[in-house]
Amino acid sequence: MKQLLILILLTIIFMPSFAQQVPAFGPLPTASQLAWHETEYYWFIHFGPNTFTDKEWGHGDEPEDIFNPTQLDCRQWARTARAAGAKGIILTAKHHDGFCLWPSKYSTHTVRESKWRNGKGDVVKELSLACKEYGLKFGVYLSPWDRNHPKYGTPAYNQVFVNMMTEIFKNYGPIWEFWWDGANGEGPNGKKQVYDWPLFRETVKKLSPNTVVFSDIGPQIRWVGNESGFAGTTNWNLLNVSGFTAGAGAPSTDTLNSGNIYGEKWIPAECDVSIRPGWFYHKEEDEKVKSPEALFNLYLKSAGRGSTLLLNVPPDRRGLINGYDSAALMGFRKLRENSFRQNLLANSSVAIKISGKGKRITSLTDGKQTTYEKLDSMSIQFKTATTINAIMLQEPIQMGQRIIKFRLLLQDKNGTTIKELTATTVGRKRILSFPSVTASKIQVMIDDAKATPLISEVAAYHINEQLIEQ
Ligand code: FUL
């Protein structure tokens with residue numbers, strides 16, 4: 001009894017210190033989330049029966065033989081992704097039509113039942129190995145909505161879904177990111193499923209605690225609220241999830257787009273968007289592949305607003321990344337490289353000074369998130385007036401997201417402001433672009449923050465003027 005009392009007493013004494021692990025100004029990311037933020041740009045691959053039927057949402061009654069790519073080569077996908085500068089690939093292992101791209105024991109609607117490679121093929125396996133070979137992260141999309149499975153719409157289906165997830169994690173891991181689509185329609189018996197989200201979450205946590213899981217509301221990554229590829233100009237990595245569920249029960253798309261300033265959990269937004277009008281390959285969309293310039297613009301609106309760009313690149317009926325897509329992707333890579341090759345502030349002739357410190361600060365241009373400065377304002381002085389049209393700021397988000405509002409003043413040599421830009425959040429990366437200005441000085445003013453403002457990097461660029469939205 002006495003021991004029990006001591007235990008209770010100790011628990012009470014130490015409780016406040018546990019509570020302090022979440023700073024008063026808001027939660028911090030986990031190590032897996034931090035690493036995820038750094039991936040910045042990676043691919044989605046939508047592939048399956050829809051590729052062969054020209055549908056976007058298959059009905060689940062497509063004969064398995066329809067799936068028959070003639071030259072499928074996941075190494076070509078991975079090689080192209082790598083050459084395009086993407087850091088990983090997330091594959092639709094099962095879309096809403098229920099067809100499994102691996103020979104699942106829990107379905108009879110899989111690659112095993114198809115003609116492809118005499119039923120011996122396994123796309124999930126092949127891509128997981130190709131990603132390893134090319135140093136890419138490997139992720140899996142598994143649609144809970146299943147228009148084929150006979151058990152869909154009954155409580156027993158939740159266990160089927162758990163079993164499928166278990167196969168994926170046990171046979172093809174490590175899985176870097178796992179994707180739950182929120183769509184919830186009817187199954188073959190005309191019924192909708194009541195998803196057991198707590199069970200699904202527990203399953204992944206148990207099988208693979210370091211996997212980052214996406215759904216409309218996390219637990220680790222949230223949907224950005226649109227499929228057009230842009231995050232909010234205000235983008236908090238925080239979200240209130242109490243009382244919400246993925247799918248129809250999710251917060252409004254506006255809330256998902258901007259997050260919650262005082263959100264209870266660190267659940268950053270991911271921008272999913274397709275390089276083509278549809279998610280699956282359709283020949284008639286070959287000419288509608290987004291241009292390198294359009295992709296660059298999406299990059300500014302996703303990664304440049306502290307989110308990540310999950311770009312869908314669907315293989316064609318041969319099972320290859322099509323030439324139209326790879327041409328656009330290589331162009332996109334070039335635009336990124338050319339635009340961000342030279343940080344015009346990473347030059348010893350540029351004086352960067354912050355409030356309270358007289359010396360030139362070098363930690364802000366060393367390319368590292370781990371070195372950062374406390375500051376309310378920063379003054380940047382060029383030796384000679386310099387033409388710029390983009391400024392980038394980064395917060396060391398391992399210390400949380402703090403900045404609420406900031407201002408940039410671009411000034412001439414007399415200190416007269418030529419252009420003033422105001423913006424809200426910074427987060428992992430914030431790029432502000434504007435029509436070119438030739439300035440001698442840049443003043444960065446942090447006008448409002450949830451806690452002591454911290455900045456890890458600052459950069460200025462002069463990118464091709466045609467890439468800037470006027
Ligand atoms: C949506 C799906 O309905 C689309 O087909 C696609 O997979 C997209 C990424 O998510 O909810």
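The values are calculated or read from the model by the stated rules, or taken from the named source; none is laboratory data. The shown structure was predicted, so the numbers you read here are calculated from the model rather than taken from an experiment. Glycine gets a Cβ as well: all are built from the backbone with ideal geometry, and neighbour counts include every protein chain shown. Accessible surface areas use protein heavy atoms only, side chains included; no ligands, DNA or RNA. Shrake-Rupley method; radii C 1.70, N 1.55, O 1.52, S 1.80 Å.
Annotations for the structure displayed:
- Odd one out for residue 352 among (1) part of a loop (DSSP other than H, G, I, E, B); (2) over 24 Å from the mean Cα position of the chain (by Cα): (1)
- Residue, nearest to residue 259 (Cα to Cα), within the range 208-228, restricted to residues that are open to solvent by less than 50 Å² (accessible area, probe 1.4 Å) and hydroxyl-bearing (Ser, Thr, Tyr): 215
- Listed by position, the helices (runs of 4 or more DSSP H) inside the range 25-131 whose residues that are within 16 Å of the ligand (Cβ to nearest atom) number at least 1 are 49-53.
- Every residue from the range 330-363 that is buried (at least 18 other Cβ atoms within 10 Å of the Cβ), hydrophobic (A, V, I, L, M, F, W, C) and at pLDDT 95 or above: 332, 335, 344, 345
- Condition check for residue 78: small (Gly, Ala, Ser), within 22 Å of residue 325 (Cβ to Cβ) and open to solvent by less than 10 Å² (accessible area, probe 1.4 Å): yes
- Positions within the range 268-288 being away from the ligand (no atom under 11 Å from the Cβ), farther than 15 Å from residue 229 by Cβ and of a type outside the set (Lys, Arg), in sequence order: 268, 281, 282, 284, 285, 286, 287
- Among residues of the range 211-239 being over 15 Å from residue 306 (Cα atoms) and out of contact with any helix residue (DSSP H, G or I) (no Cβ under 7 Å at 6 or more places or on another chain), the one that is nearest to the ligand (Cβ to nearest atom) is 227.
- Residue match in the range 307-318 (condition: under 30 Å from residue 379 (Cβ atoms) and open to solvent by less than 30 Å² (accessible area, probe 1.4 Å)): yes
- Verdict on residue 386 being touching a residue at least 60 places away in the same chain (Cβ under 8 Å) and open to solvent by 10 Å² or more (accessible area, probe 1.4 Å): yes
- When restricted to residues that are of a type in the set (Val, Ile, Thr) and free of Cβ contacts under 8 Å to residues at least 40 places away in the same chain, the range 100-150 contains 1.
- Every pair of residues 6+ apart whose Cβ atoms lie under 9 Å, when the first sits in the range 168-191 and is aliphatic (A, V, I, L, M) and within 16 Å of the ligand (Cβ to nearest atom) while the second is open to solvent by less than 20 Å² (accessible area, probe 1.4 Å) and modelled with pLDDT of 95 or more: 183/96; 183/143; 183/144; 183/145
- Number of residues in the range 159-207 that are part of a helix (DSSP H, G or I) and over 23 Å from residue 61 (Cβ atoms) equals 21.
- Among the residues examined, residue 322 qualifies as assigned by TED's automatic domain parsing to the domain that holds residue 83, farther than 24 Å from residue 223 by Cα and open to solvent by 10 Å² or more (accessible area, probe 1.4 Å).
- Test: residue 137 is surrounded by fewer than 23 Cβ atoms within 10 Å (Cβ to Cβ) and in contact with a strand residue (DSSP E or B) (Cβ under 9 Å, 6 or more places away or on another chain): yes
- Residue match in the range 44-62 (condition: open to solvent by 70 Å² or more (accessible area, probe 1.4 Å) and under 20 Å from the mean Cα position of the chain (by Cα)): no
- Residues being of a type in the set (Val, Ile, Thr) and either surrounded by fewer than 13 Cβ atoms within 10 Å (Cβ to Cβ) or in contact with an Asp or Glu (Cβ under 9 Å, 6 or more places away or on another chain) (or both) - total across the range 168-207: 1
To keep it simple, each residue is scored yes or no on (1) modelled with pLDDT under 95; (2) part of a strand (DSSP E or B); (3) over 21 Å from residue 340 (Cβ atoms).
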{"position": "422", "(1), (2), (3)": "no, yes, yes"}
{"position": "426", "(1), (2), (3)": "no, no, no"}
{"position": "433", "(1), (2), (3)": "no, yes, no"}
{"position": "439", "(1), (2), (3)": "no, yes, no"}
{"position": "445", "(1), (2), (3)": "no, yes, yes"}
{"position": "452", "(1), (2), (3)": "no, no, yes"}
{"position": "458", "(1), (2), (3)": "no, yes, no"}
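- Test: residue 240 is out of contact with any Ser or Thr (no Cβ under 6 Å at 6 or more places or on another chain) and open to solvent by less than 50 Å² (accessible area, probe 1.4 Å): no
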